[in-house]
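As structure tokens, the structure follows; a few thoughts come after it.
The values are calculated or read from the model by the stated rules, or taken from the named source; none is laboratory data. Owing to the predicted nature of the structure, the values given are computational and were not obtained by experimental measurement. Every residue, glycine among them, receives a Cβ derived from its backbone with ideal geometry; neighbour counts consider all protein chains shown. Note: areas computed on protein heavy atoms with side chains; ligands, DNA, RNA excluded. Shrake-Rupley method; radii C 1.70, N 1.55, O 1.52, S 1.80 Å.
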Amino acid sequence: MLRAHPVGVKLYRDSLPPSILSFPGKICMDHASDRLAIADTGHHRILVVSSTCWVLHVIGGPESGRRDGSLSEATFNSPQGVAMKGDVVYVADTENHLIRKIDLSEGRVSTLAGLGVQGTDKAGGAMGNQQPISSPWDVALGSAGGVEDNVLWVAMAGTHQIWALFLADGKLPKGSQSKAGTCVRWAGSGNEENRNNAYPHKAAFAQPSGLAAAPEEPWRCLFVADSESSTVRTLALTDGAVKLLVGGERDPMNLFAFGDVDGKGVDAKLQHPLGVAWSPQQKLLYVADSYNHKIKVVDPKTKQCSTLAGTGEAGDAVGPDFVMSLFNEPGGICVGTGGKLLYVADTNNHQVKVLDLQSKTVSLFVISSDSLDSAPAKAKAPTKTPKMPRGAVRVDMPPVAVCAGQTVVMSLTLSLPEGAKLTDEAPSCWALSAEGDEWLLDAQVVTGAIKDLSKPLHVAAKLPEVLKNLRAGLTLGVWLYFCTAAEAACTMRAAAFYQPLQLSDVPATGEVTVKLTHSL
């Protein structure tokens, strides 16, 4: 007998404690600005974060949706792959079957490819807004017969193929000219197989889920994490030939040749790898070997694959070293600026972990909850401080010596006139800027609310490790709304404190604290 009563269903994620990230899928870095884009997949949003863990933009979430428009209006559905260049983030909006573009400078999100429903087309060739696609899982910028970064490579997991979305006019190897906006299959027959072939359309993939471009000689290829075949493959940028790098086995029909074995070429074994990241500095490929709960490293010259971090057991631990660290199905990975750090989206631990390749240590990338609450992304991020009113006090501080990599802490003690208090619910705030020297703060203005003057206001700025100038300055502005004790009169006062910096390009650590006192 069938019972007609509803079955109580509770999502696993709803049983989890609140966290900043929920099943983060992929992560990428824009090396020019030292900013990260994180696909916060479970929250259906994209976070743009500085390398100092400060949230700069939040786009989408917390509920799923499919809407273009301003950063405050746009919505996504379980986004995965992200690729970032300057103020543009490209997103594989997986469950919406779309490729999206986030333009931070214009404050808008638009759709580049897909119809919003899962397609079955395995050839493509239409303009992006007319081309149905299927479960895009990762994206990577590249060049194909045109200007630099004129194409977005797409790991089309749903049809087991690699596609190309042309951002500008270009041409695939041995293909015809493609106009900007065209979305076309590049490699993969569409059959779910582990088949290598010199002809890209005759090769076959099995749920490709991670991409990393290595355009320099002698590699000139796209590395592909082919998840269901538990392999890493190469797709030549010169002629489209698909070859095995590591994992799997020689029978193209066997998708069960998985394991956890360090070795060379086909003798190495992986289990459902989801992410790859290429380091041109190290000339090494790093792999998120997801179901083995490990990070592995591959030398593409020798095809040697070995374990870098993780024990093979699912868990959550940061050390004390690589081999003792624990991950839980890491799904995304990227190389930091300079090739010294790896950022790992530790998906089932709802975290981003940082691997220091020099010290062989693992640490948490702790995203500031304060910055998340005050992030302007549901609105456009500010590029300027609020305007100082006429008559605002300006205090010029004596220069302070500080080194690259150190943190400048401005400790400001403020006092109001006797008997006065901050106006309840008024927007008293502070803003730290570096006008003329925006590179000091990742070109962002850091802001926050002022709610209590009983203790000093501490504002910290970590200086870049690579300096553009040896003389620069920070400006801390404050805007205070206060009333007299009897609340007979209320007013706003503002003040700006300019701190010149004498910089040294000799790297150092620690903090340099500047103490300020001011009475309004």
With every protein chain in place, what's the accessible area of His5 (1.4 Å probe, Å², nearest 10)?
110
Residues of the range 466-483 with amide nitrogen under 18 Å from the 7 Å Cα-to-Cβ point of Ala508?
466-474
What net charge is computed for the residues neighbouring Thr307, neighbours being all others with C-beta under 12 Å from the C-beta of Thr307, Lys and Arg scored +1, Asp and Glu -1?
0
How far is it, in nm, from the label point at Ala168 to the one at Asn254 when both lie 7 Å from their Cα along the line to the Cβ?
4.6
Can you give the Rg to Rh ratio for the range 390-467, taking only C-alpha atoms and Rh from Kirkwood?
1.01
With every protein chain in place, the range 1-159: carbon and sulfur % of accessible area (1.4 Å):
51
Between Asp103 and Thr484, the FRET efficiency computed from the C-beta separation at R0 = 41 Å comes out, to the nearest 0.05, as 0.30
Rolling a 1.4 angstrom probe over the protein heavy atoms, how many square angstrom per residue are accessible across the chain?
44
Collect residues whose amide H, placed 1.01 Å from N in the peptide plane, falls under 5 Å from the amide H of Val318; neighbours closer than 5 in sequence don't count.
Leu326
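Take each of the peptides 22-34, 459-471, average the number of other beta-carbon atoms within 10 Å over its residues, and list them starting from the highest.
22-34, 459-471
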Shape category assigned to the range 267-379 from the gyration tensor of Cα positions, a/c cut at 1.5
prolate
Return the calculated 222 nm mean residue ellipticity for the chain, to the nearest 500 deg cm²/dmol, obtained by summing -39500 (n - 2.57) across DSSP H runs with n ≥ 4 and dividing by the residue count.
-500 deg cm²/dmol
Report the charge-dipole magnitude of the chain in Debye, nearest 20, computed about the Cα centre from +1 at each Lys and Arg Cβ and -1 at each Asp and Glu Cβ.
600
Return the sequence-ordered ³J(HN,Hα) values of the range 324-336 in whole Hz as given by the Karplus equation 6.51 cos²θ - 1.76 cosθ + 1.60 applied to θ = phi - 60°, using x for Gly and Pro.
9, 6, 10, 10, 9, 6, x, x, x, 7, 8, 9, x
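Going by a ≥ b ≥ c, the root eigenvalues of the Cα gyration tensor, does the range 235-329 fall in the rounded group (a/c under 1.5), the prolate group (a/b larger than b/c) or the oblate group? Please list the in-between numbers first.
Numbers: a/c = 2.20, a/b = 1.43, b/c = 1.54.
The shape class here is oblate.
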Starting at the first residue of the range 392-408, write each ³J(HN,Hα) from the Karplus equation 6.51 cos²θ - 1.76 cosθ + 1.60 with θ = phi - 60°, in whole Hz, x for Gly and Pro.
5, 6, 10, 10, 9, 8, x, x, 10, 7, 8, 9, 4, x, 7, 10, 8
Output the peptides 157-166, 105-114, 312-321, 256-265 sorted from most to least packed, where packing is the average of other Cβ atoms within 10 Å over each peptide's residues.
157-166, 105-114, 256-265, 312-321
Quick one: compute the contact order of the chain, relative version, from alpha carbon pairs under 8 angstrom and 6+ residues apart, as a percent.
10
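Given Cβ point charges of +1 (Lys, Arg) and -1 (Asp, Glu) and nothing else, what value in debye, to the nearest 20, does the dipole of the range 35-189 about its Cα centre take?
The dipole magnitude comes to about 340 debye.
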Karplus (6.51, -1.76, 1.60) ³J(HN,Hα), θ = phi - 60°, over the range 254-261, in Hz, Gly and Pro reported as x:
8, 9, 10, 8, 10, x, 9, 9
Can you tell me the mean projection area, over all orientations, of the convex hull of the range 203-268's alpha carbons? Units nm², please.
4.5
State, to one decimal in nm², a quarter of the convex hull surface area for the C-alpha atoms of the range 390-520, i.e. the direction-averaged projected area.
8.2
Is the shape of the range 111-237 rounded, prolate or oblate, going by the alpha carbon gyration tensor and its root eigenvalues a ≥ b ≥ c, with a/c under 1.5 for rounded and a/b larger than b/c for prolate?
oblate
Check Ile450: other-chain or 5+ apart residues with amide H under 5 Å from its amide H, H built from backbone geometry?
Ser428, Cys429, Trp430
Spelling it out for Thr311: with amide H atoms placed in the peptide plane at 1.01 Å from N, the residues 5 or more places away or on another chain with amide H under 5 Å from its amide H are Phe327
If you bin every alpha carbon distance in the range 106-185 into 5 Å steps from zero, what whole percent lands in each bin?
3, 17, 28, 26, 18, 7, 2, 0
Add +1 for every Lys or Arg and -1 for every Asp or Glu among the other residues with Cβ under 10 Å from the Cβ of Gln207, and state the total.
-3
Each label sits 7 Å from Cα toward the beta-carbon; between Asp356 and Val147 the label points are separated, in nm, by 4.1
Which is farthest toward the positive dipole end of the chain among Cys429, His31, Gly146, measuring Cα position about the Cα centre, with Cβ charges +1 (Lys, Arg) and -1 (Asp, Glu)?
Gly146
For the chain, treating each Cα as an identical point scatterer without solvent, what Debye log10 I(q)/I(0) comes out at q = 0.10, 0.12 1/Å?
-0.82, -1.09
For the range 234-350, give the magnitude of the charge dipole about the Cα centre (Cβ charges: +1 Lys/Arg, -1 Asp/Glu; no others), in debye to the nearest 20.
460
